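A.B. asks: Handing you this structure, nothing more for now.
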Amino acid sequence: MKIMAVLIFVFLTACSIEPPQEREYLPFLIEKFPEERKYYPEETMVFVFNMEILEETSGHFKATGIESETVLETRFEANRIFVLPPLPHNDELYIVIGSGLKSVDHKPLFIDTETPSKTGNIEILYEVGGKTPELVTVLPEINYSATIVLSFDGEVDLDKAEIEPVPEEVFVIDAWAVLSYDAPVKKITVKNAISSERESVMDDITVILEGGNPEKKELEIDYSTTDVSYSINISDESALAVDVDGIRKICEKKCSVTIEGLKPATGYNSEITVFTTTGRKKEKTVVETDSERPKIMITEIMHTPSKEPEKSWEFVEIYNYGNLDFDLNDCFVDDNNNSKGIDPLLLRNENDELILRPGDIAVITGNEAAFGDLIGSALWLVTKDTTIADGGLTSKETVQIKCNRDGIMFTEADEDPKKFSTARGYSFTVDLEGNFCASSVEDGTPGRVEKCPETEGSLCSY
């Protein structure tokens, strides 16, 4: 036995055989992520791992559109995971990769370099842009036409020189492209159109109109005016688009275009071009705005007071922002614009007048309101019962001031508190610039018009 031991020692020494060393552990990890950029719906995203993936654990890799809630299809191939198109357009892609994903030799995915044994998820967001726009609608649907209107499901830039035959004029209105010719055509081809968002060239588009020459129709135009605006109302069975003083609009048979921000009792030159199936029809006219009329706006709605009983602390505040007295005789407050609980406006103090002077404020309450001197110098108006309009105000119902003028009911002011959510005890407020916000103090500011922070909300509402 001693001789055998000596021989083994001599053999090992002579052959220089070293004892086995401990092998270094190689973790299973993601070797390469898709680059951080905006992707498009037709693209494929690839995640590369350092080892082949055990496909039975594929449920630990998920790709979902946040807005669309679309669960995307994936493909596993050796050490790669492919997220397959179409990706959800104009969405964010949420990728979750769990540590339960394993290599073929059953190693769990390496989640944290500092804590190798840590389990959990890798979560990543990728932005997905819009898809290449597609042609959705062609107007007219039948017969040749001197005006062809193309509707796309995204914004498209067209080059007039790339359209056959070349139109006299091309313009875009939102997702509509209008091609105008001097005479009806039966076929067009649009080449090298560009997706506005993606700046990529689209495939050629060919439109063939079946039928014959279009029938010429009579153009009818009428006008309606206020003291600060006028509307052009167009009726023509052959109309497809219109241009009124540079304002363009798709106009299939009938439409109206309103020009706003004008001066009272003033004449304005108006030039109208109607693009029809038979050609362009033009008309010039002079439109005169009405004489100045009184104007009011709703500046505050306390719909959810914190004090009890609520009906005694609800109020609506109105303001005369015009230059003329506003006659409140035969005027009413309504909610939800349905006239179910419409209430006439009455004076709280009989010695006052139902007239709201320029720059003055009126506050409307139920007839048991407990405001005391809070209203200050404002005109205090009450309803005929203890609540305002149909059983009181709510945060979800609109409020209107309506006035009967010669037997016709006009809505003189209209506001919607859903534009801005307020906490209990704080009123919905609109300032003179049309910004809206919550009142700066609890219980609101009845009788005092507030200035809203410009960051709160902005929407001209009067």
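A.B. asks: Does region 229-239 contain at least one residue that is in a loop (DSSP other than H, G, I, E, B) and in contact (Cβ under 8 Å) with a residue 60 or more places away in the chain?
C.D. replies: Yes, region 229-239 contains at least one residue that is in a loop (DSSP other than H, G, I, E, B) and in contact (Cβ under 8 Å) with a residue 60 or more places away in the chain.
A.B. asks: Among the residues in region 426-437, are any among the β-branched types (Val, Ile, Thr) and either part of a loop (DSSP other than H, G, I, E, B) or out of contact with any strand residue (DSSP E or B) (no Cβ under 7 Å at 6 or more places or on another chain) (or both)?
C.D. replies: As a first pass, look at region 426-437 and keep what is among the β-branched types (Val, Ile, Thr): 429-430.
Still in the list and also either part of a loop (DSSP other than H, G, I, E, B) or out of contact with any strand residue (DSSP E or B) (no Cβ under 7 Å at 6 or more places or on another chain) (or both): none.
So far as region 426-437 goes, no, none of its residues is among the β-branched types (Val, Ile, Thr) and either part of a loop (DSSP other than H, G, I, E, B) or out of contact with any strand residue (DSSP E or B) (no Cβ under 7 Å at 6 or more places or on another chain) (or both).
A.B. asks: Across region 134-143, what is the number of residues that are part of a loop (DSSP other than H, G, I, E, B) and over 16 Å from Asp204 (Cβ atoms)?
C.D. replies: 4
A.B. asks: Looking at Gly359, Gly391, Gly366, can you tell me which residue is modelled with pLDDT under 90 and not acidic (Asp, Glu)?
C.D. replies: One residue alone meets the criteria, Gly391.
A.B. asks: Please find, within region 389-421, the residue that is surrounded by the most Cβ atoms within 10 Å (Cβ to Cβ) out of those that are under 28 Å from the mean Cα position of the chain (by Cα) and of a type in the set (Lys, Arg).
C.D. replies: Result: Lys419.
A.B. asks: Here's another thing I want to ask about it. Being in a strand (DSSP E or B) and under 17 Å from Glu412 (Cβ atoms) is the requirement here; does Tyr319 meet it?
C.D. replies: Here the answer is yes, as Tyr319 does meet what is asked.
A.B. asks: Right, something else. Which members of region 263-286 meet the condition of being crowded, with 18+ Cβ neighbours inside 10 Å and not polar (S, T, N, Q)?
C.D. replies: Within region 263-286, Ile272, Val274, Phe275, Gly279, Lys281 qualify.
A.B. asks: Could you figure out which of (1) buried (at least 19 other Cβ atoms within 10 Å of the Cβ); (2) modelled with pLDDT of 95 or more isn't true of Ile111?
C.D. replies: Failed condition: (2).
A.B. asks: Looking at Glu141, Glu155 in this structure, which one is without any contact (Cβ under 8 Å) to a residue 12 or more places away in the chain, in the same structural domain as Thr189 (by TED's automatic domain parsing) and not small (Gly, Ala, Ser)?
C.D. replies: Just one listed residue meets the conditions, Glu141.
A.B. asks: Something else now. Every residue in region 295-313 that is under 16 Å from Phe332 (Cα atoms) and in a loop (DSSP other than H, G, I, E, B), please.
C.D. replies: Lys295
A.B. asks: For region 35-109, which strands (runs of 3 or more DSSP E) that fit wholly inside it have 1 or more residues that are farther than 15 Å from Glu123 by Cβ, free of Cβ contacts under 8 Å to residues at least 40 places away in the same chain and within 39 Å of the chain's Cα centre (by Cα)? Outline the logic, then answer.
C.D. replies: Working: elements: 45-49, 61-65, 74-77, 80-83, 91-98.
Result: 45-49, 74-77, 80-83, 91-98.
A.B. asks: How many residues does region 202-224 hold that are part of a strand (DSSP E or B), touching a residue at least 60 places away in the same chain (Cβ under 8 Å) and exposed (fewer than 15 other Cβ atoms within 10 Å of the Cβ)?
C.D. replies: Looking only at that region, the number is 1.
A.B. asks: Give the residues of region 144-172 that are part of a strand (DSSP E or B), of a type in the set (D, E, K, R) and under 25 Å from the mean Cα position of the chain (by Cα), sorted by residue number.
C.D. replies: Asp157
A.B. asks: Ok, one more. Are any residues in region 163-198 of a type in the set (S, T, N, Q) and either surrounded by fewer than 20 Cβ atoms within 10 Å (Cβ to Cβ) or touching a strand residue (DSSP E or B) at 6+ places or on another chain (Cβ under 6 Å) (or both), and if so, which ones?
C.D. replies: Ser180, Thr189, Asn192, Ser196
A.B. asks: Residues that are among the aliphatic types (A, V, I, L, M): which strands (runs of 3 or more DSSP E) entirely in region 357-416 hold 3 or more of them?
C.D. replies: 361-365, 379-382, 408-415
A.B. asks: Further question: Which of (1) outside any loop (DSSP other than H, G, I, E, B); (2) within 30 Å of Asn143 (Cα to Cα) does Glu252 not meet, given it meets every other one?
C.D. replies: Result: Glu252 fails condition (1) only.
The values are calculated or read from the model by the stated rules, or taken from the named source; none is laboratory data. What you are looking at is a predicted structure, and each value in this text was computed from that prediction instead of being measured. All Cβ positions, glycine included, derive from the backbone under ideal geometry; neighbour counts span all protein chains shown.
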